[in-house]
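Only one structure is covered here, and it is reproduced in the block below.
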2 protein chains.
Amino acid sequence: MADRADGGPASLRAVHRIRPAYEQVADQIRALIVEGDLTPGDRLPSEGEVASAFGVSRGTVREAIRILTAANLLYSVRGAHGGTFVTRTDPSVLRDHLETGLGILSGTDAISLDELLDTRMLLEVPAARLAAQRRTDEQLVALREAVEAAPPDADVRYQHHRRFHTELLEASGNRLLQLVTAPVFGVIRSRFVIPPSRRKIWGEIEADHEEILGLVEAGDGDGAAEAMRRHLVRLNAFYQSMGPRPQAPARRGPIFPVR
Amino acid sequence: MADRADGGPASLRAVHRIRPAYEQVADQIRALIVEGDLTPGDRLPSEGEVASAFGVSRGTVREAIRILTAANLLYSVRGAHGGTFVTRTDPSVLRDHLETGLGILSGTDAISLDELLDTRMLLEVPAARLAAQRRTDEQLVALREAVEAAPPDADVRYQHHRRFHTELLEASGNRLLQLVTAPVFGVIRSRFVIPPSRRKIWGEIEADHEEILGLVEAGDGDGAAEAMRRHLVRLNAFYQSMGPRPQAPARRGPIFPVR
DNA sequence: GGTTATTTGTACGTATGTATC
DNA sequence: TGATACATACGTACAAATAAC
């Protein structure tokens with residue numbers, strides 16, 4: 001037989017790896033959700049019933065449920081009238097996943113700082129334009145609060161910076177834009193911390209925010225976009241000059257100490 | 001005591017819900033990965049050892065591992081020299097996760113078709129500009145192949161459509177832009193299928209691609225961006241006119257038959 | 001090439017939390 | 001207020017797979 005080189009005998013060429021039971025169970029339940037046979041709010045039978053329907057043990061079903069819970073498709077409530085339910089999907093979980101994923105990628109050079117900064121600019125500049133055009137009065141109030149709440153000097157200062165940008169994305173009226181941009185913002189933040197002591201930079205940031213807010217209030221889309229562009233150029237130059245955030249010291253002792 | 005209305009007695013106001021052991025274990029291991037204490041390729045101790053390090057049972061550790069496996073942070077290999085390993089992260093996996101997540105959101109009205117189309121335009125128009133400015137010769141060859149490979153009439157026609165857009169994003173030189181845009185593209189595609197029989201539309205699409213490619217070849221960034229904008233306006237108008245993709249028929253019989 | 005040690009996969013029993021009566 | 005029923009959470013024992021000897 002000379003067929004080993006290409007992966008095995010012809011009769012076995014098309015087979016696929018054995019997949020663990022918990023994966024197969026997760027796949028089937030996922031398909032039920034995606035196809036619409038199970039809809040948000042639906043309750044699954046108890047773990048024991050699901051287990052006997054699939055012909056596996058409860059532990060296997062539980063692992064499948066964990067997989068789908070991690071993907072935010074299910075959640076579990078313990079107790080008498082608890083159970084496992086199909087999630088009413090919420091973008092925030094996807095946003096968090098994206099942020100951790102991007103964080104890891106940026107740590108492995110699969111994504112560079114330049115790409116993060118460029119992409120942020122690509123997204124936030126049009127977001128500012130949209131916000132000026134579409135913001136509601138409530139969103140305007142929230143933006144003004146974010147700008148004015150900035151305390152003169154404290155390490156919550158960053159919180160207000162982020163809040164301004166988040167509210168602006170919200171005001172753009174495009175939830176997808178917010179979902180994508182927030183993680184990019186978050187990853188950049190995790191790599192660079194502007195110390196509260198840098199009063200000059202913080203003063204410039206807050207003046208920029210004030211200016212953008214004014215243009216958004218006035219409904220000047222092009223003006224808001226241009227002001228945002230200048231704001232980000234300023235920030236980027238600062239980030240580039242700062243160098244990376246200092247790394248945490250190496251861990252001492254074993255990661256998984258035996259007990 | 002009159003403190004029940006605001007969530008409980010003052011001394012317990014700051015407490016948080018008990019979190020299941022498997023979640024706490026997953027959180028700690030996730031933190032080790034994100035902080036860099038565990039790096040891609042690292043092997044965790046055996047499930048039994050991890051269990052005793054945390055003081056829980058193996059089942060609990062396994063559920064935690066399933067959570068992190070679903071987030072593509074870990075994978076398991078069974079057998080004597082198997083084990084659980086930290087994943088070497090690859091952007092394509094994150095891209096796939098984003099696409100399924102967006103697909104589900106768009107099915108539940110958490111993301112509208114308009115938001116998908118708007119965001120795509122926001123991303124692909126600058127991507128076309130960047131591609132014209134930065135494309136390498138190899139990328140130009142790939143783009144030309146994608147345009148010219150289009151067969152006159154077949155249901156692989158869509159594949160070439162997608163390939164052109166993917167290659168263009170690649171040519172923009174920003175991997176993050178590609179990572180974010182590809183899922184948006186994919187979700188739109190999953191909601192709308194242009195039948196190969198619509199020769200007029202397909203002809204227009206392919207003529208647009210030809211035009212964009214010419215401008216990218218010429219290094220005309222503004223021209224390429226404008227051509228892409230017109231291309232997407234055309235596509236969007238068509239999508240809007242098509243209405244949603246037909247749903248599969250309802251399932252008959254019980255979803256979880258008892259055995 | 002079989003034996004064996006080590007690892008993940010699976011089954012099942014017990015503990016614990018929670019709404020209802 | 002306590003008893004109870006039923007759900008998930010957790011723990012233990014065994015089976016199966018895999019690579020080295």
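The values are calculated or read from the model by the stated rules, or taken from the named source; none is laboratory data. Since we're looking at a predicted model, the values are computed, not measured. Because the Cβ atoms are built from the backbone with ideal geometry, glycine has one as well, and the counts that use them run over all protein chains shown. Accessible surface is based on the protein model in full, side chains and every heavy atom, while ligands, DNA and RNA are left aside. Shrake-Rupley method; radii C 1.70, N 1.55, O 1.52, S 1.80 Å.
Comparing B:Pro40, B:Pro126, B:Pro183 in a Gaussian network model of chain B, where Cα atoms under 10 Å apart are tied by springs, the biggest mean-square fluctuation is seen for B:Pro40.
Which shape class, rounded, prolate or oblate, goes with segment A:115-255 when its Cα gyration tensor gives a ≥ b ≥ c as root eigenvalues, a/c under 1.5 marks rounded, and past that a/b bigger than b/c marks prolate? Here segment A:115-255 falls in the prolate category. The relative contact order of segment A:58-124, computed from alpha carbon pairs under 8 Å that lie at least 6 residues apart in sequence, is 15 percent.
A helix-only calculation puts chain B at -20500 deg cm²/dmol for mean residue ellipticity at 222 nm, using -39500 (n - 2.57) for each DSSP H run of at least four residues, averaged over all residues. Our Cα-only numbers for segment B:115-192 put the radius of gyration and Dmax at 12.6, 34 Å. When nucleic acids and ligands are ignored and a 1.4 Å probe is applied, A:Trp202 ends up with an accessible area of around 10 Å².
Relative to the Cα centre, the charge distribution of chain A, modelled as +1 at Lys and Arg Cβ and -1 at Asp and Glu Cβ, gives a dipole magnitude of about 1160 debye. Relative contact order of chain A, taken over Cα pairs closer than 8 Å and 6 or more residues apart, is 17 percent.
Each 10 Å bin, from zero up to the one with the longest distance, holds this percent of the alpha carbon pairs of segment A:30-98: 20, 53, 24, 3. Indicate the gyration tensor shape class of chain B (rounded, prolate or oblate), computed on the Cα atoms with a ≥ b ≥ c the square roots of the eigenvalues: a/c under 1.5 is rounded; otherwise a/b larger than b/c is prolate and the rest oblate. Since a/c reaches 1.5 and a/b is larger than b/c, the shape of chain B is classed as prolate.
On a 0 to 90 degree scale, rounded to 10, what angle separates helix A:199-217 from the longest Cα axis of chain A? Around 90 degrees separate the two axes. Of the residues B:Met121, B:Met242, B:Met228, the one that moves most in a GNM of chain B with alpha-carbon contacts below 10 Å is B:Met242. Inter-chain Cβ neighbour count for B:172-178, averaged per residue, equals 6 (cutoff 10 Å, partner chain atoms only). Counting only protein heavy atoms and a 1.4 Å probe, chain B has 52 square angstrom of accessible area per residue. For the pair A:Asp96 and B:Ile255, a Förster radius of 30 Å applied to the C-beta separation gives a FRET efficiency near 0.50, rounded to the nearest 0.05.
Summarising the amide proton neighbourhood of B:Leu74: residues at separation of 5 or more, or on other chains, whose placed amide H is nearer than 5 Å comprise B:Thr69, B:Thr87.
For the protein assembly as shown, the convex hull drawn through the C-alpha positions has a volume of 231 cubic angstrom per residue. For chain A, the longest principal axis of the Cα atoms and the long axis of helix A:157-171 meet at an angle of about 80 degrees. Distance between the pseudo-spin-label points of B:Ser57 and A:Glu226 (7 Å out from Cα toward the beta carbon): 6.8 nm.
Solvent-accessible area assigned to carbon and sulfur over segment A:130-259 amounts to 51 percent, based on a 1.4 Å probe. If you plug the beta carbon distance of A:Ala80 and A:Asp27 into 1/(1 + (r/R0)^6) with R0 = 22 Å, you get a FRET efficiency near 0.15. I'd like the interface area for chains B and A: accessible area of each alone minus the complex, both sides summed, 1.4 Å probe, protein heavy atoms only. What is it in Å² to the nearest 100? Chains B and A together bury roughly 5100 Å² of accessible area. With the simple model of a label 7 Å out from the Cα in the direction of the Cβ, A:Val233 to A:Phe192 spans 1.5 nm.
Between helix A:113-134 and chain A there is an angle of about 70 degrees, using the helix long axis and the longest principal axis of the Cα atoms. Label segment A:103-154 by shape, choosing from rounded, prolate and oblate, from the square roots a ≥ b ≥ c of the eigenvalues of the Cα gyration tensor; if a/c is under 1.5 it is rounded, and otherwise prolate applies when a/b is larger than b/c, oblate when it is not. Taking the square roots of the gyration eigenvalues as a ≥ b ≥ c, segment A:103-154 is oblate.
Couplings 3J(HN,Hα) for segment A:73-78, derived from phi with the Karplus relation 6.51 cos²θ - 1.76 cosθ + 1.60 (θ = phi - 60°), are 9, 10, 8, 10, 10, 8 Hz, where x marks Gly and Pro.
Counts of other chain beta carbons within 10 angstrom of each beta carbon in peptide B:114-122 average 5.
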